[in-house]
Amino acid sequence: MARRLGVAVLAAAVTVAIAGVVYMRDLEGSIRALRGSADHRLDLYAGSLEREIEKYARFPYVVGLHPDVVARLRGPADAALARRVDRYLETLNRRIGTAVVYVLDRTGRVVAASNWNEPDSFVGLDLSYRPYYRNTAIDRVERFYGIGTSGNRPGYYLATAVHENGVVVGTSVVKIDLEQLEQSWSAAESPAILTDEHGVISLSSVEAWKYGTLQPLDPAASRDIAEARQYHDRALAPIGMTVVKTLDATARIVDLPGQSGSGQSGSGPAGAGGRVFAISGLFLAQARMLTEAPWRLTVFSDLREAVDLARTRAVLAGLGVLLLGGASAALVQRQRHMRELVAARSALQRAHAELERKVADRTSELTAANARLVQEVEERRRAERALRDAQTAMVQAGKLAAICQFATGIVHELNRPLAAIAALSGNAVRFLERGDVETASGNLERIRPLVERMGRLTGELKGFARKSSGEAGAVRVRKSFDNALFLLHHRVVHGRVAVSEEIDAALVVRCDPNRLDQVLVNLIGNALDAMDGRDDGRLELVAAAGPAGFARLEIRDNGPGFSDEWLQHAFEPFYTTKAPGTGLGLGLAISAGIVRDFGGELGAARRAAGGAVFSLTIPLATERAS
């Protein structure tokens, strides 16, 4: 029994020793093979990264060679020169495919940038804290990786000094985006990272590691990073990597934290076309320093397969020593392997079911959101129609209010010709009774122009009161002024106001003629109100074509002018300085709305010689007026 036990112990010891030797030799061979594969990947990654950077390394010099850039840095502020430099940088940035191109003056402030017209423009930023500014030199490209403090976007910066005859006048900077290169790493089965001189991970195929550190930062490194604002507000915490064994200066076996990664970050369990890989357990970390920057590129090769393979071969070697034990061990290994496959298949099925459930939930949410959006669009359309109807009603009410204001004058205008018609027709009857046909005919002939004037007045009044169709067309400005003066003729004569006109007879604008008449009646009426009681009232009407396809119409008076308070609230509804009962304060608000509908603008200002002026800008018509 004891001998059998001793043989069993010896056999077990021999089996363990042989299995151990086989395991170590096989694992070392697998590691050598992995190192060769990792070296090849390092060559590819380093080559692509350096080519991507070197492709843009000369462009900082190109920026500094442009004479406008040198003039912008050397001379005082010139708006036209600054805009030319901005547009030049914008064109250069678009053609070479960089993220941003900008120029700093000698104080470190950005004076021109390719993103000058964007919300997060660099123009005006003080970047004197950046190392590429502090370390800039002539005929040398300074390199720096960091996160932008304006747009919060990471990038690689290439900078050089801009000089004139050897005197540094500023710094030109080209920022390139390495995100596409980083995404290409994500498609590989092995994680890869790029660390800077402080050990901070700046590029990573595993999103959770980005801006982490391989080990805690020392105080000096933390101070340098903070002064340069290199990583903005990132925490820069260690990712939890533990060094198990150092093979040489470039290779180590490490234990990575228990997380899972995918080919592209933020793409769910399976990524967006990337491969799923585990990033926990033992890995071979193969590193290489880049030539042009103090960066270290590291590729992690999973040792799980190598360890499993070494273990399997060690077991097989032990099985050669212990045939029966080996057979049993092989059976146990097979059973364990089957259980792992079943567990993996079950986990995959659960993940698939969970993904389908999430897709169904998201589809339902999107359908409901789309229905709500359609309902909101319909409600907005109804609100716009209601607003348009209310605006039309307000315009019509403004017309009726204007008619009421000059109703007395219109009645007076009608009474005089009516009285003359009554007298002339009575005289004509008496002359006919006497047989004086010639005199009677003369009286009747004098009645005809009076009737025509009354007809024109009532026609203009009907046209002014008619509800406008709101459709714009070609309108002759001369005719609109004549219509307004005709309706206000009694007030002009009664107020003894001198009217002067400088109106281009061929001027044609695009608007609604009925609404333009209303605006002119309202503005001329306000001018007549302002000159009420003056013996030397002067009304000046001016209309001519202006720049940029607009016509400019002005109504000037020599009244008391406008107060500061009136100019501040003039176009607000229900604001008026007239006595109670003489106005609602809607005329100018309605007029301003009408002019805006034309695509123009209504303004008011004081005249330098005294009085006030209303100015209208209305688009010129391209077609001819009917």
Seminar exercise, completed: The aspartates and glutamates whose Cα lies under 20 Å from the Cα of Lys245, excluding any fewer than 8 residues away in the same chain, are Asp26, Glu28, Asp39, Asp255, Asp302, Glu305, Asp308
Exercise. Based on the Cβ-Cβ distance from Arg345 to Val244, what FRET efficiency comes out when R0 is 30 Å, to the nearest 0.05?
Worked result: 0.45
For this session: Quick one: go through the stretch 603-617 and flag any residue whose amide nitrogen is under 11 Å from the point 7 Å out along the Cα-to-Cβ line of Ser563.
Result: none
Problem set entry | Pair Arg4, Thr367: separation of 7 Å Cα→Cβ label points (nm) | 7.3
Seminar exercise, completed: SASA check, Glu305, accessible area w/ 1.4 Å probe, all protein chains in place, rounded to nearest 10 Å², comes out at 150
Problem set entry | the stretch 519-524 - phi-based ³J(HN,Hα) in whole Hz, Karplus 6.51/-1.76/1.60, Gly and Pro as x | 4, 5, 4, 5, 5, 5
Problem set entry | Length released on extending from Arg32 to Val437, taking residue separation times 0.36 nm less the Cα-Cα span | 132.3 nm
For this session: With a probe of 1.4 Å, find how much accessible area the stretch 144-188 has per residue, and write the answer as a whole number in Å².
Result: 34
Problem set entry | Largest-first ordering by accessible area, 1.4 Å probe, given options Met24, Met241 | Met24, Met241
Problem set entry | Gain in span if fully extended, Arg83 to Arg357, counting 0.36 nm per residue against the direct Cα distance | 93.2 nm
Exercise. What's the FRET efficiency of Ser328 with Glu197 using the Cβ-Cβ distance as r and R₀ = 56 Å, to the nearest 0.05?
Worked result: 0.50
Problem set entry | Spacing of the two label points (7 Å from each Cα toward its C-beta) at Thr91 and Ser280, in nm | 5.7
Problem set entry | Rough spin-label spacing in nm, given labels placed 7 Å along Cα→Cβ, for Val377 and Ala226 | 5.3
Seminar exercise, completed: The extension gain from Thr149 to Glu501, computed as 0.36 nm times the residue separation minus the Cα-Cα distance, is 120.7 nm
For this session: Using all C-alpha to C-alpha distances in the stretch 283-359, build P(r) with 5 Å bins and read off the rounded percent in each one.
Result: 3, 12, 10, 13, 11, 11, 12, 10, 9, 6, 3, 1, 0
For this session: Go ahead and run the numbers for FRET between Gln335 and Leu309, Cβ-Cβ distance against an R0 of 30 Å, rounding to 0.05.
Result: 0.95
Exercise. With the Cα gyration tensor of the stretch 53-169 giving a ≥ b ≥ c as the square roots of its eigenvalues, does the rule (a/c under 1.5 for rounded; else a/b larger than b/c for prolate; else oblate) give rounded, prolate or oblate?
Worked result: rounded
For this session: Run the numbers on the stretch 1-113 and let me know its relative contact order in percent, using alpha-carbon pairs under 8 Å that are six or more apart.
Result: 14
Exercise. Size of the stretch 1-94 along its principal axes in angstrom, Cα-based, largest extent first?
Worked result: 105, 21, 20
Exercise. Straight-line reach from Lys210: which aspartates and glutamates have Cα under 17 Å away, leaving out those fewer than 8 places along the same chain?
Worked result: Asp177, Glu179, Glu182, Asp196, Glu197, Asp233
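The values are calculated or read from the model by the stated rules, or taken from the named source; none is laboratory data. Quantities reported herein were computed from a predicted structural model and do not represent experimental measurements. Here Cβ is always computed from backbone atoms with ideal geometry, including for glycine, and neighbour counts include all displayed protein chains. These area figures cover heavy atoms from the full protein model, side chains too; ligands, DNA and RNA do not enter into them. Shrake-Rupley method; radii C 1.70, N 1.55, O 1.52, S 1.80 Å.
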